[in-house]
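The values are calculated or read from the model by the stated rules, or taken from the named source; none is laboratory data. Since this is a predicted model, take the numbers as computed values, not measurements. Here the Cβ positions follow ideal geometry from the backbone for every residue, glycine too, while neighbour counts run over all protein chains shown. Quick note on the areas: whole protein, heavy atoms, side chains included, nothing else; ligands and nucleic acids left out. Shrake-Rupley method; radii C 1.70, N 1.55, O 1.52, S 1.80 Å.
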Amino acid sequence: MKTRILFEELEPLMFRGPGELDPSARGVATLAQSTGWPSISTITGTILSEVMSMRGIHPSNPASEWEKFVDNYMNLLDRLAIEWIRGPYLWDETQYVRVPILLAGKALHYTFPQIIAKIITEFINKEINVWEVIKRITEYSGLPISIQKIGTALTSRDKGIKNVREGYLYAETFVSLKRNAIAVEVGSSSDDILKDLNNKPVKLGGENRFVESKLDGELPLASSLEKFNEGYVVLLSPFLMLETPKAVVNNDGIIELRYRDMQAEIIMGRIDIKGLGFAVNETKRKPILPAILEGSILKVKNCSDTLRLGLYGCLHNNLTQEESLFGRIGFGSFYVLGV
């Protein structure tokens with residue numbers, strides 16, 4: 001079974017970056033800033049948690065080592081019949097896809113892949129340079145709406161009276177996706193494991209914010225990945241790497257990257273480090289790894305099995321167990337630009 005899950009926001013959302021939001025830990029004037037794009041690990045965690053709760057499935061015993069954590073996660077996916085997750089992208093009310101874009105390595109914007117493909121075609125034909133690519137895409141891109149909330153720490157609550165702790169302020173900046181639904185596409189070996197997610201309010205991200213999850217039969221991403229071998233793509237989620245890649249910048253401003261036997265050109269985007277968050281069951285932080293960030297535009301070749309593994313399919317048979325897990329739960333997902 002292949003299906004798409006749409007998460008429609010019911011209120012502004014909080015996709016927290018790293019760090020604590022607690023005046024007692026951070027001191028005065030702490031800040032929680034929502035990122036502009038939801039992490040695939042957050043979405044995958046929501047899907048798995050909801051299915052486990054509805055089916056009465058309990059997590060494995062906490063893993064003492066990272067390798068055991070990876071094994072437990074793979075076994076959980078098997079138990080839940082989840083074969084792959086690809087995404088996310090935005091699906092607006094006019095039924096158009098929007099994808100993330102990193103402009104000059106900075107803030108995430110949203111735009112249509114068809115527009116990106118047209119601009120990249122001009123770049124391939126030497127009509128414009130990479131800086132003109134950035135300028136043109138900027139003209140068609142929009143930013144998410146930011147909504148700020150200010151609060152303070154309390155010392156006590158007594159009979160409806162709140163006593164404020166002096167000097168302890170916090171600010172939260174939420175994000176609204178302008179009536180765009182967050183979409184992921186899921187492959188399952190079961191015909192009914194995901195059906196309980198249809199028309200259901202679920203928590204997504206931080207601060208107990210709610211979305212409504214819906215299932216439909218549209219698969220614009222999966223249909224383009226089944227036969228994909230090479231071409232231009234935009235990353236929907238980070239491509240995590242277990243070792244530092246080799247990268248050089250050529251005369252056209254393009255990053256030529258080599259990671260084991262995978263070669264790629266980063267037309268626009270950034271290589272950085274990415275923390276994998278916190279393992280609640282294990283009460284431990286997950287590793288921090290180098291990554292090609294979501295919103296980067298790449299040219300890749302000699303890829304296979306990209307529906308199941310995303311960009312990790314370009315590593316062929318050299319995948320580690322960790323990379324197989326990363327690919328399966330949605331890291332390295334991309335949208336084909338079709339140029």
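Side notes on the structure shown:
- Equivalent ellipsoid semi-axes - Cα gyration tensor, the range 245-285, angstrom: 32, 12, 7
- Bridge orientation summary for the chain: considering DSSP beta bridges with both residues in this region, about 95 percent are antiparallel.
- Quarter of Cα convex hull surface for the range 2-337, i.e. mean projection, nm²: 19.0 nm²
- For the chain, the carbon plus sulfur part of the accessible surface works out to 48%, probe radius 1.4 Å.
- Eligible lysines near Lys299 by straight Cα distance, threshold 17 Å, same-chain separation 8 or greater: Lys118, Lys126, Lys227, Lys246
- Overall form of the range 188-250 per C-alpha gyration tensor (a/c, 1.5; a/b vs b/c): oblate
- Lysines with Cα under 22 Å of Lys68, excluding same-chain neighbours fewer than 8 positions away: Lys274, Lys284, Lys286
- Taking the chain as a Gaussian network of alpha-carbon nodes connected by springs under 10 Å, the highest mean-square fluctuation of the residues Gly253, Gly295, Gly151 belongs to Gly151.
- Cross-link reach list, lysines versus Lys195, counting only Cα pairs under 16 Å and skipping chain neighbours closer than eight places: Lys2, Lys214
- The loop-placed trypsin sites (Lys or Arg not before Pro) in the range 158-263, going by DSSP, that have at most 13 neighbouring Cβ atoms within 10 Å of their Cβ come out as Lys159, Arg179, Lys227.
- Projecting the Cα positions of Pro38, Gly206, Ala153 onto the charge dipole of the chain (unit charges on Cβ atoms of Lys, Arg, Asp and Glu, taken about the Cα centre) puts Ala153 furthest along the positive direction.
- The alpha carbon gyration tensor of the range 119-225 gives principal lengths a ≥ b ≥ c with a/c of 1.5 or higher and a/b no greater than b/c, which makes the shape oblate.
- In terms of accessible area, using a 1.4 Å probe and ignoring ligands and nucleic acids, Phe7, Phe278 rank largest first as Phe278, Phe7.
- Per residue, the range 134-240 exposes 53 Å² of accessible surface when a 1.4 Å probe is rolled over the protein heavy atoms with every protein chain present.
- Given charges at beta-carbon only (K, R positive; D, E negative), |dipole| of the chain in Debye: 600 debye
- Summing Lys and Arg as +1 and Asp and Glu as -1 over all other residues whose Cβ lies under 13 Å from the Cβ of Ser64 gives a net charge of -2.
- Rounded to the nearest 20, the Cβ-based charge dipole of the range 81-232 about its Cα centre (Lys and Arg +1, Asp and Glu -1) stands at 760 debye.
- Kyte-Doolittle mean at least -1.0 and Cα axial length at least 18 Å: DSSP H helices in the chain: 40-55, 66-79
- Selected from Val175, Leu76, Leu311, residue furthest toward positive end of dipole (the chain; charges at beta carbon): Val175
- Mean ellipticity per residue at 222 nm, deg cm²/dmol - from DSSP H runs of n ≥ 4 across the chain, formula -39500 (n - 2.57): -6500 deg cm²/dmol
- Given +1 at the Cβ of Lys and Arg, -1 at the Cβ of Asp and Glu and no other charges, the dipole of the range 191-339 around its Cα centre is 360 debye to the nearest 20.
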